[in-house]
1. Does A:Leu21 meet the test of being open to solvent by less than 60 Å² (accessible area, probe 1.4 Å), more than 30 Å from B:Ala31 (Cβ to Cβ) and either in contact with a helix residue (DSSP H, G or I) (Cβ under 6 Å, 6 or more places away or on another chain) or not aromatic (Phe, Trp, Tyr) (or both)?
2. Return the only residue of B:Val64, B:Val45 being within 14 Å of chain A (Cβ to nearest Cβ), hydrophobic (A, V, I, L, M, F, W, C) and buried (at least 16 other Cβ atoms within 10 Å of the Cβ).
3. Can you find a residue that is in contact with an Asp or Glu (Cβ under 7 Å, 6 or more places away or on another chain), outside any loop (DSSP other than H, G, I, E, B), among the polar types (S, T, N, Q) and open to solvent by 20 Å² or more (accessible area, probe 1.4 Å) anywhere in the range B:15-35?
4. Do the conditions hold for A:Tyr50, that is, is it buried (at least 20 other Cβ atoms within 10 Å of the Cβ) and in contact with a strand residue (DSSP E or B) (Cβ under 9 Å, 6 or more places away or on another chain)?
5. For B:Ile50, which of the numbered conditions (1) without any contact (Cβ under 8 Å) to a residue 40 or more places away in the chain; (2) open to solvent by 10 Å² or more (accessible area, probe 1.4 Å) fails to hold?
6. If A:Ser95 satisfies all but one of (1) hydroxyl-bearing (Ser, Thr, Tyr); (2) at pLDDT 95 or above; (3) touching a His at 6+ places or on another chain (Cβ under 9 Å), what's the number of the condition it fails?
7. Could you please give the count of residues in the range B:35-59 that are closer than 23 Å to A:Thr108 by Cβ, among the polar types (S, T, N, Q) and more than 14 Å from the chain's Cα centre (by Cα)?
8. Tell me which residues, restricted to the range A:72-103, are part of a loop (DSSP other than H, G, I, E, B), among the hydrophobic types (A, V, I, L, M, F, W, C) and open to solvent by less than 60 Å² (accessible area, probe 1.4 Å).
Amino acid sequence: EPEVTQTPSHQVTQMGQEVILRCVPISNHLYFYWYRQILGQKVEFLVSFYNNEISEKSEIFDDQFSVERPDGSNFTLKIRSTKLEDSAMYFCASSEREGFEAFFGQGTRLTVV
Amino acid sequence: SQKIEQNSEALNIQEGKTATLTCNYTNYSPAYLQWYRQDPGRGPVFLLLIRENEKEKRKERLKVTFDTTLKQSLFHITASQPADSATYLCALEVSGDSWGKLQFGAGTQVVVTP
């Protein structure tokens, strides 16, 4: 069964460093998303991406965040100058079309120390 | 923005019984509503999607209803099994507002005991 894959599963980084979280969405999907979940809290929307551009972003997704689809398969989230409060699980998701179910990856646990 | 409310207390249920979870929302009615399962340290797993013009959807032992008048969805797990123990998340999206932005509830933990 097709699945969304994310790497790495766990990343520890020092405050102020840049991190890149990687995702391979399901191959025939056109819509891509990043969500995050701080420990013990709700899953929160960060950004949606369609047709090689950002469709919508939340207030969380400020200038320190960026997304890219560098080739036909990968979808990345870059966090510049990480802060302690960026520590969370980051989930990539994809869907075939708008209005269809979203499939989530297993997440990258980011720990900023 | 939308406020989504799910039972905050864990639902403890005996194997074989039906678990019923509630998702209430406060503002605009979504074009559709989704239910996900989440296990500790794992990503949400899609279960069911119900659209605003549908009253009920079923998949195996799962059933979801959607009442736009009450602004409520109910999620049922029939003949529950210990393997159904997990947190169940309700998620809403409004078409025309965004391309796939889902707003999640906090989830309800279900514990099924043998």
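1. Judged against the criteria, A:Leu21 is not a match.
2. B:Val64
3. yes
4. So A:Tyr50 does not fit the description; no.
5. In the conditions (1) without any contact (Cβ under 8 Å) to a residue 40 or more places away in the chain; (2) open to solvent by 10 Å² or more (accessible area, probe 1.4 Å), B:Ile50 misses (2) alone.
6. It is condition (2) that A:Ser95 fails.
7. Of the residues in the range B:35-59, 0 are closer than 23 Å to A:Thr108 by Cβ, among the polar types (S, T, N, Q) and more than 14 Å from the chain's Cα centre (by Cα).
8. Of everything in the range A:72-103, just one residue is part of a loop (DSSP other than H, G, I, E, B), among the hydrophobic types (A, V, I, L, M, F, W, C) and open to solvent by less than 60 Å² (accessible area, probe 1.4 Å), namely A:Ala102.
The values are calculated or read from the model by the stated rules, or taken from the named source; none is laboratory data. No experiment lies behind these values; they were computed from the predicted model shown. Cβ sites come from the backbone with ideal geometry, for glycine too, and all protein chains shown count toward neighbours. Just the protein is used for accessible areas: all its heavy atoms, side chains included, with ligands, DNA and RNA removed. Shrake-Rupley method; radii C 1.70, N 1.55, O 1.52, S 1.80 Å.
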